[in-house]
């Protein structure tokens, strides 16, 4: 089981895809790929203000192994962390978790700094 979770964790690739112009204008684009067996629910959380993407009652689904891009309207210099889980109960989670209530300290949790 631990091997499976490790494989899924490393399979959730985070690639910052924002160009300099986008980041300066307050937008950042992030690309995620799910290499796990199951669909993963993902949200992004600002660490500078009370804001999250895509919204309070919404999330993004990574339900295939394709590369998914997410363009976030953010503030210049904003620190953004991701949170992901199989289910809303956050039993198995990555980053700051689906609810955004876990610590965002490691480089694998921080998706990027806009700006």
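The table for this structure:
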item	result
Residues within segment 74-115 that are modelled with pLDDT of 90 or more and touching a helix residue (DSSP H, G or I) at 6+ places or on another chain (Cβ under 8 Å), tallied	0
Residues that are assigned to a loop (DSSP other than H, G, I, E, B) and either within 13 Å of the chain's Cα centre (by Cα) or modelled with pLDDT under 90 (or both), drawn from segment 49-73	54, 56, 57, 59
Matching residues in segment 1-40 - criterion: being at pLDDT 85 or above, surrounded by fewer than 19 Cβ atoms within 10 Å (Cβ to Cβ) and within 10 Å of the chain's Cα centre (by Cα)	31
Failed condition for residue 85, given (1) free of Cβ contacts under 8 Å to residues at least 12 places away in the same chain; (2) under 15 Å from residue 101 (Cβ atoms)	(1)
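The values are calculated or read from the model by the stated rules, or taken from the named source; none is laboratory data. Everything numeric in this text was worked out from a predicted model, so none of it was measured. Cβ atoms come from the backbone with ideal geometry, glycine included; neighbour counts cover every protein chain shown.
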